[in-house]
Every structure is written in C-alpha cells, then in structure tokens.
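The values are calculated or read from the model by the stated rules, or taken from the named source; none is laboratory data. Because the structure is a prediction, the values reported are computed rather than measured. Here Cβ is always computed from backbone atoms with ideal geometry, including for glycine, and neighbour counts include all displayed protein chains. When the accessible area is computed, the model is the full protein with side chains, heavy atoms only, and any ligands, DNA or RNA have been set aside. Shrake-Rupley method; radii C 1.70, N 1.55, O 1.52, S 1.80 Å.
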Amino acid sequence: MRILLYRGDGVVEPWVREFEGVMPQVEAVTWKEGQVLPPCDYAVLWNPALGLLEQLAQVKAIFLMGAGVDALLKFGEALPDVPLIRLGDAGMGVQMAEYVTHAVLRYFRRFDEYEQQARHGAWNPLPQIPKEEFAVGVMGLGKLGQPVVEAMRHFGFPVRGWSRTPKDIPGVETYAGMEGLDPFLRGTRVLVSMLPLTPDTANLLDRHNLGKLQPGAYLINVSRGAIIAEPDLMTLIRSGHIAGATLDVFRHEPLPAPHPFWNEPRISITPHISALTMRHDAVRQIADKIAALESGQPVDDLVDRSLGY
Ligand code: GLV
C-alpha cells in the first residue's frame, strides 16, 4: 500500500517517520509542486495545492491532518470525488478544554483586571462575579465542543449550547438553528466559538449577533477567524459591550502586523495553538480508519461536502 503525505508548510518528514513506525508495511511518499505522483492508495494532507489535488482522483480516500476542512473544501469542484475524512478528537478535545477553561476562568476570576492593576502597583481586591451571572455559551457541539462543555460544567458554570441541529446534553440548555440563535445569544455572557467555517457560519458573529450578548460579555474564538466580522468586534469592544476577547484564530493568519487587534489590550491573542494536532495520535487514528476501510467497515468523521464540514 502506498500513502501520499503532504503539508502546505513543507514539514512532512516527521509525518513520514510516524507513518513508518505505525504502519511499517506502507510506502509513504511525498510530493513537490511540478512532480508527477505515483499511484497512491490514500492521501493524508494539510493545506494542499491544486496541482496535487488534480492527481488524487484515484485514491480511495483523502485524510486531513486536522479537524477543520475549510482549507480543502474551498477548492469546490476541483476536489476529487473521493471520501474526505477529517481528524476526530485525536488529542485535540482536551487541549480545547484546557484553552477555554483558562480563558473563562481568567475573566470570571478577574485575572485580566488584576494583571492591569499589578502593572500599576494597585492592591485592590474586586468583588467576585456571581457564577449564575456567568453563563457560558458554546457554539458547535461536535467532538471538540463536547469536552469544552464538560469542563465548564465541572466548574459549575451555567452552560448553554448551540448547534445546527438539536442536541440533547444533560445539564446543558441547548438551542438549535437560526431560530434558536437569538435566545441562545441573549442569555450568554461568555461566548465560545467552536464552529466550523462554512457558508452558513462565515461572518455569523457580526455586530448584529454579537450585540445580542449580555452587556460586559466575553468572546473566545478557537475555531476559525472568518466566523467573526472583525471590525464589528472591534466596535463592540470599544463601546464596552464586549469586555474582552481571547482569539486564537483570525481571518488572515499570521495576524498582519498593522491589525488593530494587536494594540487592543482587551483582546488576547494566541497564534492558532488552542488544539495542536498530536502527530502520534493522529497517525494511529488514520491507520485505524484505513484498516476499517480496507475491510469494508464504515468510518467516523466523514466530511459532508453539502454541509461544509
Ligand atoms: C486546526 O485548526 C484544525 O482544524 O485542526
């Protein structure tokens, strides 16, 4: 069996070594622009080039080295008509839970304000925020959203969830679809975006929808930057309606040097690290899925092109 491994950032050698360790029977090949690819059984990719996708019509499936599939689906009709399979949790769920827990607790326990105070030498205990006034609303309740919901429940926050289709999660007030969005947002103090980027979610968090959050709201984005209308967020932060935002993802990455987010102290920025792909876990998962496909079994995490994730 031959498997193509490709990453747009060129860092593919560690993946080759990992595949050789986990699937020693497999020949792992790489590709460079302009090369003709030998026939491959499967492809495992991240941020592929069009010239490569055009050579993948014969593979049995394309696996992604991550959870988000927007960078692949943007090729539309140019994508080969083969199953696309994203990474399931593979070690990312717990990282998401860590990241969001850190951000929520930082705001809830007012560490952001204490950081400012300490810079000015101020010793000034602030009143504790009542937990019932700190409802955390998680948008996107898939494999990565659920560990976040559980972490928030563990700390006793009122937890709300919003998803495209109705979901029943014990202890969580759930809302679905466009008709559920308004009541979901109006009852939310901390909004956590875990949504995939699709035509339906692009710019969903604009001035209109973010304006429905409770006054003094917080925003945490760990999925895709283009879900947020960035100038609208800036306006709402400046007006004080949104008290702070923790952003790991941006419409353009790396976040360009002149972007106003860099100079806004109420915005905390991290460089798309909320859930890194764990290479070993990812390769094990892909190997298991290949074994399932080879024996005619169904696999999880198939991308639905019509839904966009
Ligand atoms: C990272 O952004 C991923 O989609 O896995």
Most fluctuating of GLN58, GLN285, GLN117 in the GNM of the chain (C-alpha, under 10 Å) is GLN117
Taking protein heavy atoms only, a 1.4 Å probe, and rounding to whole percent, the accessible area of the stretch 92-269 owed to carbon and sulfur comes out at 57 percent
Which of the peptides 225-233, 191-199 is most tightly packed, and how do the rest follow, going by the mean number of other Cβ atoms within 10 Å of each residue?
-> 191-199, 225-233
Candidates SER239, SER223, SER295: whichever shows maximal mean-square fluctuation once the chain is modelled as a Gaussian network with Cα springs under 10 Å = SER295
Would you mind working out the accessible area per residue for the stretch 28-172, using a 1.4 Å probe, and quoting it in Å²?
-> 49 Å²
Quick one: dipole size for the chain, taken about the Cα centre, charges +1 on Lys/Arg Cβ and -1 on Asp/Glu Cβ, in debye to the nearest 20.
-> 720 debye
Low-density loop chymotrypsin sites (Phe, Trp or Tyr not before Pro), the stretch 128-162, at most 11 other Cβ within 10 Å, DSSP non-H/G/I/E/B, are none
At the level of C-alpha centres, the distance separating the stretch 193-231 and the stretch 76-93, in angstrom, is 23 Å
Starting at the first residue of the stretch 144-152, write each ³J(HN,Hα) from the Karplus equation 6.51 cos²θ - 1.76 cosθ + 1.60 with θ = phi - 60°, in whole Hz, x for Gly and Pro.
-> 8, x, 5, x, 5, 4, 4, 4, 5
Unit charges on C-beta of K, R, D, E only; dipole of the stretch 92-269, Debye = 160 debye
Pull up the cross-link candidates among the aspartates and glutamates for LYS289, meaning alpha carbon to alpha carbon under 20 Å and not fewer than 8 places away within one chain.
-> GLU18, GLU20, GLU27, ASP41, ASP81, ASP89, ASP281, ASP300, ASP301, ASP304
Sequence-distant lysines (8 or more away, or on other chains) whose Cα lies within less than 29 Å of LYS131 | LYS143, LYS167, LYS212
Simple spin-label estimate for ARG2/TYR114, 7 Å along Cα→Cβ, in nm, reads 5.9 nm
Using a ≥ b ≥ c from the Cα gyration tensor of the chain (square roots of the eigenvalues), is it rounded, prolate or oblate, where a/c under 1.5 gives rounded and otherwise the larger of a/b and b/c decides, a/b for prolate?
-> prolate
